[in-house]
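Just below is one structure, and these are the notes that go with it.
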Amino acid sequence: MKYLHLIFRLSVLGFLGGLWLLAGVYLYLSPKLPDVETLRDVKLQTPMRVFTREGDLIGQFGEKKRNPLPYAEIPGQFVKALLAAEDDSFFSHGGIDLMGLMRAVSELVLTGEKGSGGSTLTMQVARNYFLSLDRTFIRKFNEILLSLEIEKALDKEEIFELYFNRIFLGHRAYGFEAASQVYYGKGMSELNLAQYAMLAGIPKAPSRNNPIRGPEAGKLRRNWILGRMLTLGYITPAEHSTAVTQPVTARHHDAQLSFAAHYAAEMTRQQMLQRYGMSAYNDGYHVYTTISSELQQVAQQAVTNGLFTYDKRHGYRGPEQQLPPADPNAYEQPEMDKWLEALTNTRTIAGLQAAIVTYVMEDKISMLLADGSSHDLWWDDGIRQASPYLSENSRGSAPKTPADVLSTGDLIRTRQDDEGVWFLAQIPAVQAALVSLSPDNGAIVSIVGGLGFEQSKFNRATQAKRQPGSNFKPFVYSAAFDAGFTAASLINDAPVVFEDSSLEGVWRPENDGGKFYGPTRLRWALTKSRNLVSIRLLQQMGTNQVIDYAGRFGFNTAEFTADLSLALGTHAVSPLELASAYTVLANGGYAVEPFLIQRIENLAGEVVFEARPPTVCRNCEEQLSPDEGATSGEFALAGEDIEEMSMEDILANPESTDSELPRAPRVMDAGINFIIDSILQDVITRGTGRRALVLKRGDLAGKTGTTNGPMDAWFSGYNRDVVTTTWVGFDNYTPLGRREFGGTAALPIWIDFMREALRNSPDEERPLPLGIVNVKIDPETGLLAQPGQKNAIFEYFRESKVPKQGAAQEGPGAGSLGTEDLVQDIF
């Protein structure tokens, strides 16, 4: 009896000592515990997502893949799967599982290390949000205390939501919604029971149990969870039987983009990084761009088709690699393994898949794809047309058999059409860019920086600086009209020779074809892109006057060289800069600036930025009109002379207005703008842009451009609603071929894009501005026509510049002469 009494006393003392010990530990640790209330405002590292203006996802950037969901959107069946896997008494306990905890504590006391589990979901939340992963008694006790505090501060749904969105699940996925996208390529709401159980099994061992790295271990864990769900009554025997027989279907999925618009997404990433620094990657911003989902895809396809078409004209360059022969029916051969490895390591570019020729026959070849499948490629499906490339100007003889083109072991490119037919192809060596803007505010509607971002991340639309050639001439002629010339002014199209020591001799500029046409009206000279007229016109005005005027269109004129080659577009610009300048021609003469980000929302859906670009008001009165009595080209802006202001100054000081958006300032006389537009419409109907007549519209205007070589092919064109610039050229500045021009290489891409871009744009005639008259002139002299003159034609003039019968049509005096770095323009 005394023995039992002693045991009782010792037990009581031990119990009280334990309580005192626990109380002491609590008093020691509790002041150091973090405030669990911060969990209400926890900021999860969430990647930035980039969307089109319609809300289609085109980019995702961030170190961690995470897509938080509120508890209400978590599928109920997954909640049960996770409870069965981790903590089936979660909704009934107070934060700790006493039996599991006692087991874990006893192991810690006996071994000093953590053995079996015992952590509830609440304890895991405490550990994941506040504590380290050190396996120590102190950390475990902190975990227990924090769990109790968390249960007091938050309800069960909030705790579950915190766990659901934070836990690491392998392959950079944090949270189950992100894991669902990574492993299955779809959201949690779209998964089945077997997939729920598979995901629920990952937290115990993310490396071993994830279904990509450890499919067998993952499947065992999945089936155990399904058995637990059956035992707990969460699922029926029939559901269990169906789920345990499901195969492992997981594979790695990148961010599920609506479509590829990588150049636009990368531009957005760079702008967000400048705006927010590294937090742009982790704060869950949703960035809505000005990109049109439909037109961006049209633009990419137009560029791709244009490059394929150009490439076909210049011959087949042969296979990308020549691999050792192998027997395609003997898959155990080392050579066969090398074939499949080579195919796996070769990226698909612009839809062109890699294939290896396995057999060459009289009328076809057989080929192997990366997935191990074999297909036939017939003689008429690209092989017969594969004349060998010799140079950009010549091709070899047409092949007579497939063996003249291909051999066993050749790694080639192929594409499949909508009917399943395979065609021989090759990745074009040439590149292209396309930029499309809204002329009303400069919004970037579409932008393509090359054949494919997977091939080259260099964005030729914004980063490539190339000579624009005749694409720049409209701005030279605009400056001339501002200086007092008219569309009827005559300039002699005749040979001219300039002495210049920097050219080691003389410069003899020519027109395309080497012909000269004598006195030529400026309208016809721009329509036909006559080089000598442009040079003489610039010579008469002076280069400085043209450079100053060009600054109004947004060009960085500090980089311009003040010599006569400026008339031929020898300064380098990007396609985006050129398209931006053409918006002034398209919108009636107003300065707008390109922009890509329309608005930015934070993780809570609050708008933290919204663009307010200077915008053209089509139905408003003159937004920035000439001063009373001012000479042509001089405009008032807040009391300043626009001639002395840069484009940055102009856009920084829009006219004050009560409208929602600031008004875009006028930088070009409305009359001059109208006359230039009418000439650029002639380029489409009678000049170098006649291919665009296929669009059957009367409101199109534009200009071709081709530089010496020719090395660069351009077309910039517009109507009142869309401005688009296209460029084609080689990155290494080699010639495109003597039969390639802006009208053959760049214009077809423009046409393919604008056919869709203009689908909902009304074909409307531009209204005649005040102060513009349309009178009959003598086409030979540019003077007013005589009464009854049969060959008289109509021409537009500003009222103050209408010629008089018999009056000489002369412009201002000549300017300085310089010819550094000259390049001949061809059109």
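Just one of the numbered conditions (1) among the β-branched types (Val, Ile, Thr); (2) farther than 21 Å from residue 255 by Cβ; (3) modelled with pLDDT of 90 or more; (4) in contact with a Lys or Arg (Cβ under 9 Å, 6 or more places away or on another chain) is not true of residue 79: (4). Being in contact (Cβ under 8 Å) with a residue 60 or more places away in the chain, surrounded by 24 or more Cβ atoms within 10 Å (Cβ to Cβ) and either under 22 Å from residue 585 (Cβ atoms) or of a type outside the set (S, T, N, Q) (or both): is that true of residue 705 here? So residue 705 fits the description; yes. Reported count of residues in the stretch 501-554, each being of a type in the set (Ser, Thr, Tyr) and within 22 Å of residue 739 (Cα to Cα), is 2. Counted as qualifying within the stretch 417-516 are the strands (runs of 3 or more DSSP E) with 2 or more residues that are touching a strand residue (DSSP E or B) at 6+ places or on another chain (Cβ under 9 Å) and among the hydrophobic types (A, V, I, L, M, F, W, C), namely 422-425, 431-437, 444-448, 490-493, 505-507. Being modelled with pLDDT of 95 or more and open to solvent by 60 Å² or more (accessible area, probe 1.4 Å) holds for only one residue in 344, 309, 348, and it is 309.
Evaluation of residue 555 against the conditions (1) in contact with a His (Cβ under 9 Å, 6 or more places away or on another chain); (2) open to solvent by 20 Å² or more (accessible area, probe 1.4 Å) shows that the sole unmet condition is (2). Restricting attention to the stretch 550-595 and to residues that are part of a loop (DSSP other than H, G, I, E, B) and hydroxyl-bearing (Ser, Thr, Tyr), the residue that is farthest from the chain's Cα centre (by Cα) turns out to be 561.
Here is a yes/no grid of residues against (1) open to solvent by 30 Å² or more (accessible area, probe 1.4 Å); (2) more than 29 Å from residue 54 (Cα to Cα); (3) of a type outside the set (Gly, Ala, Ser):
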residue: 418; (1), (2), (3): yes, no, yes
residue: 438; (1), (2), (3): no, no, no
residue: 458; (1), (2), (3): yes, no, yes
residue: 469; (1), (2), (3): no, yes, no
residue: 494; (1), (2), (3): no, yes, no
residue: 498; (1), (2), (3): no, yes, yes
residue: 509; (1), (2), (3): no, yes, yes
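Number of residues in the stretch 200-241 that are touching a residue at least 60 places away in the same chain (Cβ under 8 Å) and farther than 13 Å from residue 81 by Cα equals 1.
Name every residue in the stretch 236-291 that is of a type in the set (Asp, Glu) and open to solvent by 70 Å² or more (accessible area, probe 1.4 Å), in order of residue number. The answer is 239, 254.
Go through the stretch 423-436 and count every residue that is more than 20 Å from residue 728 (Cα to Cα) and either surrounded by 21 or more Cβ atoms within 10 Å (Cβ to Cβ) or basic (Lys, Arg) (or both).
First pass over the stretch 423-436, keeping only residues more than 20 Å from residue 728 (Cα to Cα): 423-424.
Checking which are either surrounded by 21 or more Cβ atoms within 10 Å (Cβ to Cβ) or basic (Lys, Arg) (or both) leaves us with 424.
Looking only at that region, the number is 1.
In this structure, is residue 527 of a type in the set (Val, Ile, Thr), modelled with pLDDT of 95 or more and open to solvent by less than 20 Å² (accessible area, probe 1.4 Å)? Full working, then the answer.
On the way: of a type in the set (Val, Ile, Thr): yes; modelled with pLDDT of 95 or more: yes; open to solvent by less than 20 Å² (accessible area, probe 1.4 Å): yes.
It is true that residue 527 is of a type in the set (Val, Ile, Thr), modelled with pLDDT of 95 or more and open to solvent by less than 20 Å² (accessible area, probe 1.4 Å).
When the residues of the stretch 187-221 are filtered to those that are basic (Lys, Arg) and modelled with pLDDT of 90 or more, which remaining residue is most open to solvent (accessible area, probe 1.4 Å)?
The first filter runs over the stretch 187-221 and keeps only residues basic (Lys, Arg), leaving 204, 208, 213, 219, 221.
Checking the rest, the ones that are also modelled with pLDDT of 90 or more come to 219, 221.
Details: 219: 66, 221: 34 Å².
Among those that are basic (Lys, Arg) and modelled with pLDDT of 90 or more, it is 219.
Residue-wise test of (1) in a strand (DSSP E or B); (2) in contact (Cβ under 8 Å) with a residue 24 or more places away in the chain; (3) among the aromatic types (Phe, Trp, Tyr); (4) open to solvent by less than 70 Å² (accessible area, probe 1.4 Å).
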| site | (1), (2), (3), (4) |
| --- | --- |
| 365 | yes, yes, no, yes |
| 371 | no, no, no, no |
| 376 | yes, yes, no, yes |
| 380 | no, no, no, no |
| 385 | no, yes, no, no |
| 389 | yes, yes, yes, no |
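Among the residues of the stretch 241-280, write down those that are in a helix (DSSP H, G or I) and either touching a helix residue (DSSP H, G or I) at 6+ places or on another chain (Cβ under 8 Å) or under 20 Å from residue 184 (Cβ atoms) (or both). Before you say what the answer is, go through the steps one by one.
Of the stretch 241-280, the ones in a helix (DSSP H, G or I) are 241-244, 262-280.
Result: 242, 243, 244, 264, 269, 272, 273, 280.
Quick one: how many residues across the stretch 659-678 are hydrophobic (A, V, I, L, M, F, W, C), open to solvent by 20 Å² or more (accessible area, probe 1.4 Å) and either at pLDDT 95 or above or under 14 Å from residue 583 (Cα atoms) (or both)? Please lay out each step first, then the result.
Taking the stretch 659-678 and keeping what is hydrophobic (A, V, I, L, M, F, W, C), we get 661, 664, 667-668, 670, 672, 674-676.
Of the ones still in play, those that are also open to solvent by 20 Å² or more (accessible area, probe 1.4 Å) are 661, 670.
Now drop any that are not either at pLDDT 95 or above or under 14 Å from residue 583 (Cα atoms) (or both), which leaves 670.
Qualifying residue count, the stretch 659-678: 1.
Among the residues of the stretch 753-770, what is the count of those that are open to solvent by 60 Å² or more (accessible area, probe 1.4 Å) and not aliphatic (A, V, I, L, M)? Before the answer, list the steps.
Taking the stretch 753-770 first, the residues open to solvent by 60 Å² or more (accessible area, probe 1.4 Å) are 755, 759-760, 762-765, 767-768, 770.
Filter again for not aliphatic (A, V, I, L, M), leaving 755, 759-760, 762-765, 767.
Of the residues in the stretch 753-770, 8 are open to solvent by 60 Å² or more (accessible area, probe 1.4 Å) and not aliphatic (A, V, I, L, M).
The values are calculated or read from the model by the stated rules, or taken from the named source; none is laboratory data. In this text, all values refer to a predicted model and were calculated from it rather than measured experimentally. For neighbour counting, all protein chains shown are included, and Cβ atoms are generated from backbone atoms with ideal geometry for every residue, glycine included. The accessibility values were calculated without ligands, DNA or RNA, using every heavy atom of the protein model including side chains. Shrake-Rupley method; radii C 1.70, N 1.55, O 1.52, S 1.80 Å.
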